[in-house]
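Working notes, beginning with the structure itself.
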Amino acid sequence: MDTNAVEVVAVDEERGYSSDKEAYLRRLKRIEGQVRGIARMVDEDKYCIDVLTQVSAVTKALHALSLGLVQDHISHCVVSAAREAEEAGDPSIVDVKVQEATAAIGRLLR
């Protein structure tokens, strides 16, 4: 088990991406279609480089989506935690959110 893992507790609250949820869902559906297209290309024995080009496009699309989610997390969740930490006089509140963001970015970089 990863000793640097941060426990994430699900709470009924608005998420940082909530205001853009429909846009994220549209992007994910587009990416899903691209992945199905890659499967079809493999099934049809398309040229390796053409398949790899499409894999690269999907990877780039997922990275862009991921960066948007990281930005939303920082601008909403971390900022909210900073306000809460200031009001409560407890800096550990924001530390948890920063650790979550750091761990998520680390997973994206692997």
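State the answer as a single residue: which of Gln99, Gln71, Ser56 lies farthest towards the positive end of the charge dipole of the chain, with beta carbon charges of +1 for Lys and Arg and -1 for Asp and Glu, about the Cα centre. Positive-end residue among those listed: Ser56.
When the alpha carbon gyration tensor of segment 51-110 is reduced to an equivalent ellipsoid, the three semi-axes, largest first, read 32, 11, 4 Å.
Here is the P(r) of the chain: all C-alpha pair distances, binned every 10 Å from 0, give 13, 32, 28, 17, 8, 2, 0 in whole percents. Multiplying the residue separation of Val79 and Ser66 by 0.36 nm and subtracting their alpha-carbon distance yields 2.8 nm. Using Cβ point charges alone (K and R +1, D and E -1), the dipole size of the chain about the Cα centre works out to roughly 720 debye.
Annotation: peptides 22-31, 61-70, ranked by per-residue average of other Cβ atoms within 10 Å with the highest first, follow the order 61-70, 22-31. Treating each Cα of segment 23-77 as an identical point scatterer and summing with the Debye formula, the log10 of I(q)/I(0) at q = 0.20, 0.22, 0.23 Å⁻¹ comes to -0.72, -0.80, -0.85.
Computed from the coordinates by the stated procedures, all read-outs in this text should not be read as laboratory data. The structure presented is a predicted model; accordingly, all values stated were derived computationally and were not measured. FYI the Cβ positions are ideal-geometry reconstructions off the backbone, even for glycines, and counts take in every protein chain you see.
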